[in-house]
Every structure is written in structure tokens, then in C-alpha cells.
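Have a look at the structure below, then the notes.
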Amino acid sequence: MNKQERVIFVINTLKKLYPTIPIPLDHKDPYTLLIAVLLSAQCTDIQVNKITPLLFAKADNPFDMIKMSVEEIKEIIRPCGLSPMKSKGIHGLSHILIDKHGGKVPQSFEFLEELPAVGHKTASVVMSQAFGVPAFPVDTHIHRLMYRWNLTNGKNVVQTEKDAKRLFPEAIWNDLHLQIIWYGREYSPARGWDLDQDIITKTIGRKTVIETYYKK
């Protein structure tokens with residue numbers, strides 16, 4: 001298969017496997033999604049979904065969040081890891097949302113990326129999942145699979161995002177990035193990987209990746 005045929009194969013296979021696409025992080029609005037995504041850095045979505053109900057029971061909006069101290073936030077979110085940085089980020093961005101944006105999460109990459117502890121990936125998730133703006137957030141699953149499928153050179157997530165946006169139609173970015181995440185978790189994980197179950201990599205995968213797998 002040439003590259004375009006591989007892209008079409010990926011799209012069609014994922015569409016069959018995931019005709020409906022659940023959003024991994026539980027949330028009710030842009031603010032709770034923003035906080036959940038921030039907490040998910042170096043933490044599993046399952047763990048985040050256990051912690052956010054505890055946090056949101058006390059503060060599910062920036063006005064209530066700034067009434068809590070950084071220390072109080074840190075104690076609640078400790079199981080998510082990186083709690084000193086994340087608690088300061090949550091408290092700080094809540095202040096900025098109130099002071100600069102009327103307590104609302106801005107629908108802008110520029111403004112989102114100005115917020116404490118919010119990087120490009122977090123901003124991309126919020127823009128795509130909260131506001132429906134086409135984006136292609138690259139997490140570890142997407143980075144791994146795009147390399148395994150020989151659709152990027154895998155040098156860094158910036159390059160992977162550029163390649164994904166160049167190869168896949170913009171109209172399906174928001175669905176596709178979620179489909180790839182689910183596929184990576186179920187069929188093509190970093191550990192405990194069974195290539196026989198991973199139909200996409202087995203069919204179109206990078207030759208060196210497949211050879212290395214069978215050598216092991």
C-alpha cells in the first residue's frame with residue numbers, strides 16, 4: 001500500500017471499530033474538561049475520573065475554585081501525580097479566567113495556551129472536545145501508533161501532529177484522534193502488545209517495528 005492507501009485503511013478500520021466514540025475524561029462543561037485534561041498529564045484517565053468528582057464536589061467552576069487554597073486542591077488531586085504544579089495551575093488559571101474572561105473558558109488556542117499549566121495538547125483537547133474546533137491533540141498513544149503505522153518519523157509530538165494534520169482530512173480530526181487513542185489502548189499498547197490482535201499495524205506497520213516485534 002502507498003501512504004494514501006494506508007491512511008484510508010486506518011480511517012475505515014477505526015470507523016468500523018468505533019462507530020460511536022466516548023470521550024475518555026468525564027466532564028460537564030468546558031471548565032471541568034479543562035481541569036480534567038490538566039490533571040491527566042502523566043496520569044491515567046481512569047484515575048482522573050476517580051479524582052475529579054471529589055474536586056468538583058467542592059468546586060466545579062473558577063469562582064468556587066479560587067475560594068479553595070492551593071494546598072486544599074493539592075491534597076485532593078495528589079493521587080493524579082505532579083500535584084504541586086497542577087494545584088498551582090488550577091488555582092492560577094481559575095483566577096485568570098475570572099479576571100480576563102468573565103469566568104468562561106476562552107474558545108481560542110492563544111488564550112488557552114497563556115493559562116498556567118496549559119500546553120498545546122491540553123488546549124487542543126479543549127478546543128476539539130468542548131468547542132468542536134478541528135484539532136489533533138497528540139498523546140502518547142497517537143505518537144506511538146503514528147510511528148508504528150509509518151505515518152510519521154516519530155521524532156517528536158510536534159512533528160507527529162503536523163503529519164497527522166497533513167495526512168487526515170480536517171473534517172474527521174476530532175473523531176479520529178479519539179478513535180486512535182481507544183485503538184492504542186485496546187489493540188496496540190506500549191506494553192503487553194499482541195501484534196496478532198493489532199490488525200492495523202499488522203497490515204500497514206513499519207517494517208522495522210514488525211521485525212523487532214517478532215525478534216522479541
Taking Gly103 and the conditions (1) in contact with a helix residue (DSSP H, G or I) (Cβ under 8 Å, 6 or more places away or on another chain); (2) touching a residue at least 60 places away in the same chain (Cβ under 8 Å); (3) not hydrophobic (A, V, I, L, M, F, W, C), which numbered condition does it fall short on, given that it satisfies the others?
(2)
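Please go through region 10-29 and give me each residue that is assigned to a helix (DSSP H, G or I) and either under 12 Å from Leu167 (Cβ atoms) or among the hydroxyl-bearing types (Ser, Thr, Tyr) (or both), ordered by number. Talk me through it step by step, then tell me what you get.
Here is the first cut: in region 10-29, the residues assigned to a helix (DSSP H, G or I) are 10-17.
Val10, Ile11, Thr13 - these are the residues of region 10-29 that are assigned to a helix (DSSP H, G or I) and either under 12 Å from Leu167 (Cβ atoms) or among the hydroxyl-bearing types (Ser, Thr, Tyr) (or both).
So which of Leu93, Leu38 ends up being part of a helix (DSSP H, G or I), crowded, with 18+ Cβ neighbours inside 10 Å and out of contact with any Ser or Thr (no Cβ under 9 Å at 6 or more places or on another chain)?
Details: Leu38 fails: out of contact with any Ser or Thr (no Cβ under 9 Å at 6 or more places or on another chain).
Testing whether each residue is part of a helix (DSSP H, G or I), crowded, with 18+ Cβ neighbours inside 10 Å and out of contact with any Ser or Thr (no Cβ under 9 Å at 6 or more places or on another chain) leaves just Leu93.
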If you take the residues of region 140-161 that are out of contact with any Ser or Thr (no Cβ under 8 Å at 6 or more places or on another chain) and either surrounded by fewer than 15 Cβ atoms within 10 Å (Cβ to Cβ) or among the aromatic types (Phe, Trp, Tyr) (or both), which of them is modelled with the lowest pLDDT?
Lys155
Given the conditions (1) touching a Leu at 6+ places or on another chain (Cβ under 9 Å); (2) exposed (fewer than 15 other Cβ atoms within 10 Å of the Cβ); (3) among the small types (Gly, Ala, Ser), report the number of the one that Ala57 does not fulfil.
(1)
If we scan region 80-87, do we find a residue that is closer than 16 Å to Thr32 by Cβ and outside any helix (DSSP H, G or I)?
no
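The values are calculated or read from the model by the stated rules, or taken from the named source; none is laboratory data. Nothing here was measured: the structure is a model prediction, and the numbers come from that model. So basically every Cβ, Gly included, is an ideal-geometry build from the backbone, and we count neighbours across all protein chains shown.
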